[in-house]
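Novice: The structure's right below; bear with me while I get my questions together.
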Amino acid sequence: MLASLIYILIFPGFAFLGVFGLFAEFFDRKLYARLQNRVGPPWFQPFADFIKLLGKEEIVPCDANPAMFTLVPVIALSTVVAAFLYIPLWNTTSLLSFNGDIIVILYLLTIPTLAFFIGGWYSSSLFARIGSVRAVTQLFAYEVPLFIGILSAALLANTWSLSEIMTFYNKSPVLALFNILGFGVSLIALLGKLEKVPFDIPEAETEIVAGAFTEYSGKFLALLRLTLDVEMVAGAALLAAVFLPFGLGANPVIGFIFFIAKVLFVIALITLLRTVFARLRIDQMISFCWKRMVPVAILQLLICLILKGVIQR
Amino acid sequence: MHNSKEFKIPIGPQHPALKEPESFSVALRGEKILGVDIRLGYNHRGIEKACEERSYVQDIYLIERICGICSHAHATAFIQAVEEIAHLAVPERALYIRTLVGELERVHSHLLWLGVAGHEIGFDTLLMYTWRDREIVMDILADLTGNRVNYGINSIGGVRRDISPAQVKDVLKAVDKLEERTKYYIEVATEETTIIKRLSGVGVLAYDDAIKLDAVGPTARASGVARDVRRDDPYAAYDKIQFNVITDTHSDVYGRTVVRVKELMESYGMIREILKKMPEGPIAIKAPPRRIPAGEAISRYEAPRGEDVHYVKSNGTEKPERVKVRAPTLANVQAVKHMLKDRFLADMPIVIAAIDPCFSCTDRSIAIEDGKSRKKNVMTWQELHDYSIKWHRERGFDPAEINRKFHKTMEGK
Amino acid sequence: MIMEVLRSILKKPATNLYPAEKLEMAEKYRGELKFYPERCIGCKLCMRDCPTGAITIRKVGEKKFEAEIDLGKCIYCGQCVDSCLKKALEITKHIELAQLDPKKLKVVFGHEQAGESPEKPSQGAAE
């Protein structure tokens, strides 16, 4: 009982994820700034922002549904933290694991977007409503290539359990190299999930202010921003677990350093992508996802199927 | 909010896409724009009226502050009109210096625009890079004129500061560096896929529409209308310098980008030529007149955003009787309405930004007239002040109290 | 684009860390005004030409004048320097003039403290 509480609240639960998420935000912002030849924020900036937002007054719009409006940030944050509990850190076993957990992770990571939709919708601001509709429209576009990309890797490993996938690739790392297309597709889809350029359409600042978050303030906004940070870490950790299965099984300290390095590497790739692209329009984004990314993801699926046939023979 | 239903969203007066307050009320169906209602008047400063109460010398500095970007354009347009009324022969060297500052200003304005355009389509890296490089030209302007924005280089009958040989060298060095960077931006703007995707086919203004809606400047030139005051009605030293009027036939935001970056290249050539051809001699006439004889004049100037028109009427005293300013944005703003028709909401920021709007230059005071009784509802400053205090008090908020507290904290330490 | 971006990582950031690092202004930058009371003849041409009425010349004695400059009103155009026949006014490149207390923005140049520059802005104001 006590152990579970520690797992959930401290490590690798809320406390660790919160700190790591905020650090990841700093890493992302600092790298983004340096790529743009700027100085960037000091390391404590995301923490300071978070604490400042916690201390601010929160305003619930008159027309908004107060219950929905206030519940949404909590739901969003808790689902991403829950998803993280299924992802192994320094070895191949995670805190919670069963056959089929990879599907659960993917679904848990979808819930924040739906939560943003509900929050934006119930905040009854026009900007928030447009933003939330865009978020859901986008969801249907990037989710399919993301699922195909990640699940084709699982298919090759012949299991639906993340731990077993990692064990499989750890045994034969060469096979992981065949998943490179899937990695690319999932990385780009992750940009959509995290609402980052070029897919930051739901919160396009110059068009609809802050999208679904427009009416949020104070604690709720702090939680929503933390959700995005933690989601970034969880998404990066998932990609690292599935596509970069190296350096596992050694002693926990080295394994943990490897884990952090892998997550930061994925985040660095995300940052690089958001530095060199302009924001797409929602119609362009959807046609890009369906016409470019889905075929590549299906190609990855075919590669995995053929490879599987070769291995089994 | 069904997608089939129409609704209106307010872009402005306060909105992250707009750098100045202006109201665009957008009727939407889903993501599609059905129509736009533009309303000016949020930023009116009454500069024209204020000019009538100041002397010509003071007016130069007031007029210069109409716009933060094309300050030299306004000041020069005004001073040209004054000099025309007074029949002053401005020394050759002064004209060259005015032209030089004008072209440097165009460079900084277009680089600024490129960055803003990048930001509007969510490409902040371009914003950071162009604004970093824009600092080069800002430093040069500060060195030449003494200020980064309000150059204050013009005086009646000449300019106030000469340019030294050392400064000429600095300018040439800066221009070389900027030219290299601009070549890179041309590459970026014409080759980056996401930029092209967001810009081409957006905000189309056909040739006929550009003529009909009286578009000016790069907006018109991108639609193929070769309209440039510098060539059509040369002022300052433009009749002595070689340059091409850049036009483009894309007629969309992409075309406007191409026109602006190519104009940058053109400006670098002009700056080099000005510095080479600049004659020696005085930079201002001796003892400029304080009283301007009665008369009136219209002056045109090709500001970075388009044609800027100033009208000055004098009555023989130290103060002008009437000053009228037509900033380029006023000519272009109606075209925006046309460009946005049937486009997506996502295109709105970049289409507005593509005319390089300057709303405070453009702004007019608006009196709303009752359709039937023809009664205008005009409030004086005091009435508005009282009304606002009353409005806030009714809602349990006392501005006077806040003011007192503020002053207390400011003086408290 | 991607190459340029990656190259930036190795470059030093272009940002100037003001106020930790001060910027050197251009040689003839139009900053704060300086008044030489001994040269002033009290013609008040500067007052007449000032676009904002920021400068006031007062007679304090026989052929003695002092100038009060309202830094809050001054737009740093330098017209008064041009208008002055006796070069009693000069422009300096001192630009850090922000003050928390509006009263400190009024600077008086008199005979006693001739040429003395006004109180340096406090640390809080500069940040």
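Derivation of every value follows stated rules applied to the coordinates shown; laboratory data play no part. Just so it is clear, the model here is predicted, and its values are computed rather than measured. Cβ sites come from the backbone with ideal geometry, for glycine too, and all protein chains shown count toward neighbours.
Novice: I need the peptides A:201-209, B:154-162, A:32-40 ranked by packing, meaning the mean over residues of other C-beta atoms within 10 angstrom, with the highest value on top.
Specialist: The packing order, highest mean first, is A:201-209, B:154-162, A:32-40.
Novice: Classify region B:116-248 from the C-alpha gyration tensor, please: rounded if a/c falls under 1.5, else prolate or oblate depending on whether a/b exceeds b/c. Each step should come with its number before you reach the end.
Specialist: Values: a/c = 2.22, a/b = 1.29, b/c = 1.72.
Taking the square roots of the gyration eigenvalues as a ≥ b ≥ c, region B:116-248 is oblate.
Novice: Pairs B:277/C:12; B:173/C:12; B:19/B:173; C:64/C:106; A:262/B:177; C:28/C:73: which are spaced more than 28 Å apart, C-alpha to C-alpha?
Specialist: Violating the 28 Å Cα-Cα cut-off are B:277/C:12; B:19/B:173; A:262/B:177.
Novice: Around residue B:116, with a cut-off of 10 angstrom between Cβ atoms, what is the net charge of the other residues, counting Lys and Arg +1 and Asp and Glu -1?
Specialist: Charge balance near residue B:116 sits at -1.
Novice: Which parts of region A:266-309 would a label at residue A:178 reach, counting a residue when its backbone N lies under 11 Å from a point 7 Å out along Cα-to-Cβ?
Specialist: Correct set: A:301-309.
Novice: Which one, B:314, A:116, B:234, projects farthest toward the positive side of the charge dipole computed for the protein assembly as shown from Cβ point charges (K/R +1, D/E -1)?
Specialist: B:314
Novice: Under 15 Å from the Cα of residue B:324, which aspartates and glutamates turn up, not counting those fewer than eight places away in the same chain?
Specialist: Correct list for residue B:324: B:48, B:52, B:53, B:59, B:64, B:296, B:307, B:308, B:363.
Novice: Just from the alpha-carbon atoms, what are the Rg and Dmax of region A:60-154 in angstroms?
Specialist: According to the Cα coordinates of region A:60-154, Rg and Dmax are 15.9, 49 Å.
Novice: Could I ask something else about it? Shielding by partners for B:198-205, please: the mean number of other protein chain Cβ atoms within 10 Å of each residue's Cβ. Spell out each step's value before the answer.
Specialist: Working: counts 6, 1, 0, 0, 1, 0, 0, 0.
Mean number of neighbouring Cβ atoms from other chains: 1.
Novice: Rounded to whole Å and sorted largest first, what semi-axes of the equivalent ellipsoid does the C-alpha gyration tensor of the protein assembly as shown yield via the square root of 5 times each eigenvalue? Before the final figure, lay out each step's value.
Specialist: Numbers: eigenvalues 635, 188, 159 Å².
That gives 56, 31, 28 Å for the three semi-axes.
Novice: Between residue C:43 and residue A:44, what is the label-to-label distance in nm when each label sits 7 Å out along the Cα-to-Cβ direction?
Specialist: 5.9 nm
Novice: Could you pull the Cα extents of region C:28-115 along its three principal axes, largest to smallest, in whole Å?
Specialist: In descending order, the Cα extents are 36, 24, 21 Å.
Novice: Here is a follow-up. If you count, for every residue in C:8-18, the Cβ atoms of partner chains within 10 Å of its Cβ, what is the mean? Intermediate results must be reported in sequence, preceding the final value.
Specialist: Details: counts 11, 6, 1, 2, 2, 8, 10, 8, 2, 1, 0.
The mean count of partner-chain Cβ atoms within 10 Å per residue comes to 5.
Novice: What does the average come to when, for each residue of peptide A:122-134, you count the partner chain Cβ atoms lying within 10 Å of its Cβ? Before the final figure, lay out the partial values.
Specialist: On the way: counts 0, 0, 1, 1, 6, 4, 0, 3, 7, 0, 1, 4, 3.
Taking the mean over all residues of the peptide, I get 2.
Novice: In whole percent, what relative contact order does chain B give with Cα contacts below 8 Å and a gap of six or more residues?
Specialist: The normalised contact order for chain B reaches 23 percent.
Novice: Run the dipole for chain C about the Cα centre, Lys and Arg Cβ at +1, Asp and Glu Cβ at -1, nothing else charged, and hand back the magnitude in debye, nearest 20. Present the calculation step by step, with values, prior to reporting the outcome.
Specialist: Values: 22 positive and 19 negative charges, 60 e Å.
Result for chain C is approximately 280 debye, rounded to the nearest 20.
Novice: For region B:37-114 and region B:300-371, what is the separation of their Cα centres, given in Å?
Specialist: 14 Å
Novice: Please give the charge dipole size of the protein assembly as shown, origin at the Cα centre, charges +1 on K and R Cβ atoms and -1 on D and E Cβ atoms. Round to the nearest 20 debye.
Specialist: Once rounded to the nearest 20, the dipole reads 420 debye.
Novice: Turning to a different aspect of this structure: Within a Cβ distance under 13 Å of residue B:17, other residues only, what is the Lys/Arg minus Asp/Glu net charge?
Specialist: -4
Novice: Give the long-range amide H neighbours of residue B:28: residues separated by 5 or more places, or on another chain, with amide H under 5 Å away, using H modelled in the peptide plane at 1.01 Å from N.
Specialist: B:7, B:8, B:9, B:34
Novice: Mind checking the log10 I(q)/I(0) for region A:147-218 at q = 0.15, 0.17 Å⁻¹? Debye, one equal scatterer per Cα, no solvent, two decimals.
Specialist: -0.63, -0.70
Novice: Using the Karplus curve 6.51 cos²θ - 1.76 cosθ + 1.60 with θ = phi - 60°, work out ³J(HN,Hα) for each residue of region A:102-107 in order, rounded to whole Hz, and write x for Gly and Pro.
Specialist: Result, rounded to whole Hz: 5, 5, 4, 4, 4, 6.
Novice: Which of the listed residues, A:159, A:309, B:223, is farthest toward the dipole's positive end in the protein assembly as shown, when Lys, Arg count +1 and Asp, Glu count -1 at the beta-carbon?
Specialist: B:223
Novice: Could I ask something else about it? Can you list the HN-Hα couplings for region A:180-185, worked out from phi with the Karplus curve (6.51, -1.76, 1.60; θ = phi - 60°), rounded to whole Hz and with x for Gly and Pro?
Specialist: Coupling constants for region A:180-185: 4, 5, x, 4, x, 4 Hz.
Novice: Cut-off 19 Å, label point 7 angstrom out along Cα-to-Cβ of residue B:265: give me the residues of region B:207-223 whose amide nitrogen falls inside.
Specialist: What the label zone holds, given the 19 Å backbone N cut-off, is B:218-219, B:221-223.
Novice: Can you say what percent of the DSSP beta bridges in the protein assembly as shown, counting only those with both residues inside, are antiparallel? Round to 5.
Specialist: So the antiparallel bridges in the protein assembly as shown amount to around 100 percent.
Novice: Dipole size in debye (nearest 20) for region B:72-157 around its Cα centre, Lys and Arg Cβ +1, Asp and Glu Cβ -1?
Specialist: Details: 6 positive and 11 negative charges, 14 e Å.
In total the dipole reaches around 60 debye.
Novice: Using the structure shown, select from B:337/B:372; A:171/C:11; B:262/B:337; A:52/B:408 the pairs with a Cα to Cα distance greater than 29 angstrom. Intermediate values should be presented prior to the final figure.
Specialist: Numbers: B:337/B:372 27 Å; A:171/C:11 41 Å; B:262/B:337 26 Å; A:52/B:408 25 Å.
In this structure, A:171/C:11 lie more than 29 Å apart at Cα.
Novice: Which value in deg cm²/dmol, rounded to the nearest 500, describes the helix-derived mean residue ellipticity at 222 nm for the protein assembly as shown, given -39,500 (n - 2.57) per DSSP H run of n ≥ 4 and division by the residue count? Before the final figure, lay out the partial values.
Specialist: Working: 34 runs with 455 residues, N = 853.
Computed ellipticity for the protein assembly as shown at 222 nm equals -17000 deg cm²/dmol.
Novice: At residue A:106 and residue B:395, where each label point lies 7 Å from the Cα along Cα→Cβ, what is the point-to-point distance in nanometres?
Specialist: So the two model labels end up 4.9 nm from each other.
Novice: What is the set of long-range amide H partners of residue B:303 at a cut-off below 5 Å, with H atoms built 1.01 Å from backbone N?
Specialist: Sorted by chain and number, the residues that satisfy this are B:308.
Novice: In a shell of Cβ-Cβ distance under 11 Å around residue C:31, excluding residue C:31 itself, what net charge do Lys and Arg (+1) and Asp and Glu (-1) give? Mind showing how you got there, number by number?
Specialist: Values: positive: C:28, C:30, C:34, C:93; negative: C:32, C:90, C:96.
Result for the local shell: +1.
Novice: Would you mind putting B:398-404, C:33-39, B:112-118 in packing order, based on average other-beta-carbon counts within 10 Å, highest first? Don't jump to the answer; show the numbers that get you there.
Specialist: On the way: B:398-404: 11.0, C:33-39: 18.3, B:112-118: 23.4.
The most tightly packed comes first, giving B:112-118, C:33-39, B:398-404.
Novice: Using the scaling law 2.2 N^0.38 Å as the reference, what is the normalised Cα Rg of region B:1-79?
Specialist: 1.62
Novice: What whole number of Å gives the distance from the Cα centroid of region B:204-239 to the Cα centroid of region C:1-21?
Specialist: 38 Å
Novice: Using alpha carbons only, what's the Rg to Rh ratio of region A:224-296 with Rh from Kirkwood?
Specialist: We get a ratio of 1.08 for region A:224-296.
Novice: Going Cα to Cα from residue A:56, which lysines come in below 19 Å? Please leave out same-chain ones fewer than 8 positions away.
Specialist: Output for residue A:56: A:219.
Novice: Can you list, largest first and rounded to whole Å, the semi-axes you get for chain B by taking the square root of 5 times each eigenvalue of its Cα gyration tensor? Before the final figure, lay out each step's value.
Specialist: Numbers: eigenvalues 248, 188, 95 Å².
Sorted largest first and rounded, they come to 35, 31, 22 Å.
Novice: May I ask you to evaluate 6.51 cos²θ - 1.76 cosθ + 1.60, the Karplus curve with θ = phi - 60°, for each residue of region A:172-179 and list the ³J(HN,Hα) values in order in whole Hz, giving x for glycine and proline?
Specialist: 10, x, 4, 4, 4, 5, 6, 8
Novice: Mind listing the long-range amide H neighbours of residue B:322? Cut-off is under 5 Å, sequence gap 5 or more, other chains count too, H placed in the peptide plane at 1.01 Å from N.
Specialist: It is B:313, by chain and number.
Novice: Cα centroid distance between region A:1-60 and region A:185-222, in Å?
Specialist: 17 Å
Novice: Rank-order B:66-74, B:213-221 by packing density, defined as the average count of other C-beta atoms within 10 Å over each peptide's residues, highest first.
Specialist: Highest-to-lowest ranking by the protection proxy: B:213-221, B:66-74.
Novice: Residue separation times 0.36 nm, minus the C-alpha to C-alpha distance between residue B:206 and residue B:294: what's the value? Kindly include the intermediate steps, with their values, before the conclusion.
Specialist: Working: separation 88, 0.36 × 88 = 31.68 nm, distance 4.31 nm.
My answer for the length gained is 27.4 nm.
Novice: Is the shape of region A:174-313 best called rounded, prolate or oblate, per the rule: a/c under 1.5 gives rounded, else a/b larger than b/c gives prolate, else oblate, with a ≥ b ≥ c the square roots of the Cα gyration tensor eigenvalues?
Specialist: Values: a/c = 2.86, a/b = 1.37, b/c = 2.09.
Judged from the Cα gyration tensor, region A:174-313 comes out oblate (a/c at least 1.5, b/c at or above a/b).
Novice: Additional query: With a point put 7 Å past each Cα toward its Cβ, work out how far residue B:388 is from residue C:86 in nm, to one decimal.
Specialist: 4.4 nm
Novice: Still on this structure, please answer the following. Using the alpha carbon gyration tensor of region A:59-312, what are the three equivalent-ellipsoid semi-axes (square root of 5 times each eigenvalue), largest first, in whole Å? Could you put the intermediate results ahead of the total?
Specialist: Numbers: eigenvalues 214, 83, 45 Å².
So the equivalent ellipsoid measures 33, 20, 15 Å along its semi-axes.
Novice: Using only the Cα atoms of region B:224-333, build the gyration tensor, take square roots of its eigenvalues as a ≥ b ≥ c, and label the shape rounded, prolate or oblate: rounded if a/c is under 1.5, else prolate if a/b is larger than b/c, else oblate.
Specialist: It comes out oblate by the Cα gyration axes.
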